[in-house]
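Heads up: the structure comes next, in structure tokens.
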Amino acid sequence: MNEEFLAAKELRKAFNGNVAVDVVSFSIMRKEIFGLLGPNGAGKTTTIRMMATVLPPDGGDVMVDGHSVLRHAGEVRKLIGVCPQELALYPELTALENLVFFGQMAGLGGKQAKEAAGENLLLVGLQDRAKDAVAKFSGGMKRRVNLAISLMSRPALLFLDEPTVGIDPQSRNHIFETVQRLRGEGMTVLYTTHYMEEADRLCDRLAIMDHGQLIAVGTPRELKAQIGQPEKVTLEEVFLSLTGRRLRD
Amino acid sequence: MSGLLRQAWVISLKDTRLFVRDRFALAFALAFPLLFVLGFTLALGNISSPDQPIVLRVATQEQEGISTQIIAALTAGEESVFQEIAYDEARLAVKHGRLGGFVAFPADFTASLLAGGKTRIEVVSRSEDPNRRAALEGFAHALAGQISLAREAVATVAALKARETGATPALDVGSLIQPTALVAMETEQVGPARPIRASNFTLPGYLTMFVFFAAAMGAEAVARERQTQTLERMLSNGVRRESILLGKYLSTAYRGLLQLAVLWIVGIFGFNVELGPEPVAVIAISVLMVLASAGFGIMLASLVNTVRSADSVGILTSIVLAPVGGCWWPLFIAPAWMQTLSKLTPHGWANSAFNKLMLFGAEPGNVAWEMTALALFGAGFVAVALWRFRMAPAR
Ligand SMILES: Nc1ncnc2c1ncn2[C@@H]1O[C@H](COP(=O)(O)OP(=O)(O)OP(=O)(O)O)[C@@H](O)[C@H]1O
Ligand SMILES: [Mg+2]
């Protein structure tokens, strides 16, 4: 458990002079669910995109299982799966077609991709809707397809960028249980969310980010202990006390 | 390498699936061009009687002179595109809408020409018929150029002869201005002139326009994929940017080939289009044109950022390049400067080759430059795409 799987080292990124990520370092242990929390615009998605090799950092590096995203992006890409904050899929295609396509993009053969797609649709509870166009799905179902796609490459490290945003408790709960099950199978997960009770229940360790900087890292209990008795305070109170009550964006 | 090709192939199949499910895209690529061909063929010539070619009417106000000789030369031969018409009758016919337009020589044409002065050729046309006006103006321009050339030649020969013999030579303008010579000048000497059946140039013109149009609209799909981050998702899966570009190139090319097949088949069986004596060369030009259009599509996809800019750039380039490249009216009746301008567009080269092969009976060797130019355009477009293609939107 205590083996470092990902190490972000002094990551920096600015867009047209506006600093989005400001010297961020942290590590994720193997088989851990690591929560990345922060208000809107804190820099979570930008950090994930750099870790996922799709956005080159202005400075710093990320090592995934010993491979640098700068120098060995190809190796890193074999290890990771990304579930982006936006629904990155083709609404006109069916759920099955979406999964098979991205499976083939991740290097699976046609037959392997179909098998994996069947398994992953079952995992997210969409096996009965496999042949329906995603455009006809509800918001929660689309989110589950988005998640299933990111599992097609059977990643060792999964980045989940707000996988439960804007969906009903049933779908949320389903995604939630799926993530726990994946961790049980040995997957390492980075999880981003605005739902504090979700992070509290799910994550082994958390980092709180604001204005592009990490302002706290620790287990939920350690973070709560910073402002009071861990049994009596909620993570939401910790979050608000650390990031302030001022509105963002 | 094989991974790259396999991924590109899978991407191109996915895009083709999306295309087939998109009814609007299908209609736009296949039904629109056919509607245009039908409309303009009906406007320019009667498609139900394929023997009725475009006819250009010429009139003169002179009783006797160079213009009557020119008209005799132009209208000679059974298959001539030109027909003589009496001046006053022609004016009246245009006024009452019975005639689209005509070209006329003034009463003092011979006199001012022989006096070494300037003369003019009149184009009379109904303003609401731009195609015919373009045809007539192009013809008048060509004729004017030809006549001044002939006058220079005659004057030089006359001067030489006069020095030798002291006699004044007879003027034989008719032998200098044969219809073949005239058409040859406009069409770069590719064979004997034949009557022009409207669908023989409207179809390749609109085919070219809509193949490029559909390819340009493909750029919008790429911009959308950039926005919805499906491209970024592929990148994080280990897909190379070159695979994505090649996949997009292939799917655009399949679309173009489908358009090609449908339009040629409907054209041949529905509009009596004739591919001419060298159908293989026509198909080769069509395929090169499609490959250039696929390059054009991925180049636009690399240059535009948002879906909106992709849309407007796609529409703008298509409706500017089409007329400049001779998709809306035949280039060989356009003035020289327009013919030169058309060479800046792949459309222009494609149409020039189609016209040579399908209207003027050219041999494959006559369109070697057009083939080379289309291949170079295609390669240039792909090079720009390889250089500029981004996976994520720049902000
Ligand atoms: N491609 C981009 N171009 C310009 N600015 C960007 C870009 N991506 C992010 N930003 C800016 O960087 C900052 C951090 O954005 P980021 O999306 O990483 O925040 P986030 O923590 O994921 O927020 P949210 O909770 O709303 O998803 C914001 O100010 C955002 O406007
Ligand atoms: Mg975000």
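Annotations
- The selection criterion, being more than 16 Å from ligand 2 (Cβ to nearest atom), assigned to a helix (DSSP H, G or I) and away from chain B (no Cβ under 13 Å), does not hold for residue A:98.
- The number of residues in region A:80-104 being within 23 Å of residue A:12 (Cα to Cα) and of a type outside the set (D, E, K, R) comes to 6.
- The sole residue among B:387, B:349, B:329, B:369 that is among the aromatic types (Phe, Trp, Tyr), touching a helix residue (DSSP H, G or I) at 6+ places or on another chain (Cβ under 7 Å) and in a helix (DSSP H, G or I) is B:349.
- Scope region A:147-171; condition facing chain B (nearest Cβ under 10 Å) and within 16 Å of ligand 2 (Cβ to nearest atom); matching residues: A:150, A:159
Residue-wise test of (1) closer than 22 Å to residue B:203 by Cα; (2) more than 14 Å from chain A (Cβ to nearest Cβ).
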| residue | (1), (2) |
| --- | --- |
| B:343 | yes, yes |
| B:349 | yes, yes |
| B:353 | yes, yes |
| B:359 | yes, yes |
| B:370 | yes, yes |
| B:381 | no, yes |
| B:387 | no, yes |
| B:390 | no, no |
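- Among (1) more than 17 Å from residue B:140 (Cβ to Cβ); (2) modelled with pLDDT of 80 or more - the single one residue B:67 does not satisfy: (1)
- Any hit, region A:66-80, residues being within 12 Å of another protein chain (Cβ to nearest Cβ), assigned to a helix (DSSP H, G or I) and crowded, with 22+ Cβ neighbours inside 10 Å: yes
- Search result, residues across region B:56-108 that are small (Gly, Ala, Ser) and in a helix (DSSP H, G or I): B:67, B:72, B:73, B:90, B:93
- Restricting A:48, A:28, A:80 to those that are within 16 Å of ligand 2 (Cβ to nearest atom) and out of contact with any Cys (no Cβ under 8 Å at 6 or more places or on another chain) reduces the list to A:48.
- Candidate set: region A:53-65, residues that are out of contact with any Lys or Arg (no Cβ under 8 Å at 6 or more places or on another chain) and among the aliphatic types (A, V, I, L, M); chosen: the one nearest to the other protein chains (Cβ to nearest Cβ): A:54
- Of the criteria (1) free of Cβ contacts under 8 Å to residues at least 60 places away in the same chain; (2) within 12 Å of ligand 1 (Cβ to nearest atom); (3) of a type in the set (Val, Ile, Thr); (4) in a strand (DSSP E or B), which one residue A:54 fails: (4)
- Verdict on residue B:272 being at pLDDT below 95, closer than 23 Å to residue B:219 by Cα and not in a helix (DSSP H, G or I): no
- Check on residue A:27, under 30 Å from residue A:244 (Cα atoms) and either away from chain B (no Cβ under 14 Å) or crowded, with 20+ Cβ neighbours inside 10 Å (or both): yes
- Subset tally (residues that are within 15 Å of ligand 1 (Cβ to nearest atom), assigned to a strand (DSSP E or B) and without any contact (Cβ under 8 Å) to a residue 60 or more places away in the chain) for region A:14-50: 3
- Taking the listed residues A:126, A:122, A:87, A:93, the one that is over 18 Å from residue B:235 (Cα atoms), crowded, with 17+ Cβ neighbours inside 10 Å and either free of Cβ contacts under 8 Å to residues at least 24 places away in the same chain or facing another protein chain (nearest Cβ under 8 Å) (or both) is A:93, with no other qualifying.
- Breaking point among (1) closer than 26 Å to residue A:236 by Cα; (2) in contact with an Asp or Glu (Cβ under 6 Å, 6 or more places away or on another chain), for residue A:34: (2)
- When residue A:43 is tested against (1) within 9 Å of chain B (Cβ to nearest Cβ); (2) at positive phi, just one condition goes unmet, and that condition is (1).
- Considering (1) free of Cβ contacts under 8 Å to residues at least 40 places away in the same chain; (2) more than 9 Å from chain A (Cβ to nearest Cβ); (3) among the small types (Gly, Ala, Ser), the lone condition that residue B:251 does not fulfil carries the number (1).
- Which listed residue is more than 17 Å from the chain's Cα centre (by Cα) and in a helix (DSSP H, G or I), from B:289, B:209, B:234: B:234
- Breaking point among (1) within 14 Å of chain B (Cβ to nearest Cβ); (2) out of contact with any Lys or Arg (no Cβ under 9 Å at 6 or more places or on another chain); (3) of a type in the set (D, E, K, R), for residue A:49: (2)
- Which listed residue, of B:242, B:225, is in a helix (DSSP H, G or I), within 17 Å of residue A:54 (Cα to Cα), more than 10 Å from every other protein chain (Cβ to nearest Cβ) and acidic (Asp, Glu): B:242
- So residue B:52, is it away from chain A (no Cβ under 14 Å) and modelled with pLDDT of 85 or more: no
The values are calculated or read from the model by the stated rules, or taken from the named source; none is laboratory data. Predicted, not measured: the structure shown is a model, and the values here were computed from it. As a convention, Cβ positions derive from the backbone with ideal geometry for all residues, glycine included, and neighbour counts pool all protein chains shown.
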